[in-house]
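The structure appears below as structure tokens.
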Amino acid sequence: MATSDLDDVTGFVLREFKYKESSKIVEVFTEKFGRISIIAKGVLKKNAKNLSLTARFMKVNLSLYKSGKDFYGIKEGRLLETYKKSNKSFDIILYKSAMCDLLLRTIDETQIQTVYTLLDNSFHAFEKARGNYINIFLAFLIKYISFSGLKPNFSTCGICGKIIGRRDGYFSIEEASMICDDDMAKVGDKLYLNHNQIRYFMKLLYTKSEDLSSINPPEDYEKVARLIIDYCLKRLELRNFSSMDWVYNKLSERN
């Protein structure tokens, strides 16, 4: 975390909430410095010039001054992206909320640039997509956790290391891996995935963000989606939180 005034800071507004009568506290995930907390003084006053810079999901460029030990204030700034199209979609707002809330709980300071690029590409993909928004969200989750060193293993058994040659099989969240037939009895949380489900999972992991909306999810994609959410929360040692629960419940409604 930087400790002095900052110029030319580019980032995404992850969270904003009211502070006192006319101000906001804003959490921004920046390209250079990771997460920065900002007190945006007076932005809720009539005709305040910086209000648009404090809206959630906006991509902004800011000049900041140090304001106390843990916060910055805004000297000036400009909007880089407003995402007018995607920020009108209820589903995309739902997905962005869960993504931002996940980052607020788990930001890894050693992976700032990589995660920033992933978030940037994902928000851009939401804006350009005409459908299949769930792909972009799920790919963000599985790529983010893979960057954290928790990439799931689909090639070998997590118990004995045996190569998994079949195109379907059982996956264990606890082992973060596929499980071979010989070791099936040793695992309690195994979940069966058919060929199409595994193929969908791998496409999400390896497809570029801008191409994800062209992937047609299998009819039973909700099973994979719930697995990815459960896997991320378990491996990151997170409790459920409301925005991720909303996504999870929406998947259940569609099933």
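The values are calculated or read from the model by the stated rules, or taken from the named source; none is laboratory data. All figures in this text were calculated on a predicted structure; none of them were measured in a lab. Note: ideal-geometry Cβ built from the backbone for every residue, glycine included; neighbour counts use all protein chains shown. Surface areas here come from the heavy atoms of the whole protein model, side chains and all, with no ligands, DNA or RNA. Shrake-Rupley method; radii C 1.70, N 1.55, O 1.52, S 1.80 Å.
Starting from the residue with the highest accessible area, list 124, 195 in decreasing order, probe 1.4 Å.
124, 195
May I ask you to give the solvent-accessible area per residue for the chain, in square angstrom, as obtained with a 1.4 angstrom probe?
50
What FRET efficiency, computed as 1/(1 + (r/R0)^6) with R0 = 35 Å and r the Cβ-Cβ distance, is obtained for residue 89 and residue 155, rounded to the nearest 0.05?
Calculated transfer efficiency: 0.45.
Taking θ = phi - 60°, what integer Hz values does the Karplus form 6.51 cos²θ - 1.76 cosθ + 1.60 yield along segment 125-141, in sequence order, with x for Gly and Pro?
Working through the residues one at a time gives 5, 4, 5, 8, 6, 10, x, 6, 4, 4, 4, 5, 5, 5, 5, 4, 4 Hz.
Using a 4.7 Å Cβ cut-off, which Cys residues in the chain lack a partner cysteine?
Isolated Cys, the chain: 100, 160, 232.
To the nearest 0.05, how large is the calculated FRET efficiency for residue 79 and residue 167 if R₀ is 51 Å and r is the Cβ-Cβ distance?
E(calc), rounded to 0.05, equals 0.60.
Report the GluC sites (Glu not before Pro) located in segment 149-226 that are in a DSSP loop and have at most 11 other Cβ atoms inside 10 Å of their Cβ, or state none. Spell out each step's value before the answer.
Numbers: sites: 174, 175, 210, 219, 222; in loops: 174, 175, 219.
Here the sparse-neighbourhood loop sites are 219.
Give, in whole angstrom and from largest to smallest, the semi-axes √(5λ) of the equivalent ellipsoid of the chain, with λ running over the eigenvalues of the Cα gyration tensor.
Ellipsoid semi-axes (Å, largest first): 38, 19, 15.
Between residue 49 and residue 219, what is the label-point separation in nm under the 7 Å Cα-to-beta-carbon projection?
Reported label-point gap for residue 219 and residue 49 is 5.9 nm.
Roll a 1.4 Å probe over the protein heavy atoms and report the accessible area of residue 120 in Å², nearest 10.
Its accessible surface works out to 40 Å², give or take rounding.
Can you run phi through the Karplus equation (6.51, -1.76, 1.60; θ = phi - 60°) for segment 60-76 and list ³J(HN,Hα) in whole Hz, with x for Gly and Pro?
Each residue's phi maps through the Karplus curve to give 10, 10, 10, 10, 10, 10, 5, 10, x, 6, 10, 10, 10, x, 9, 7, 6 Hz.
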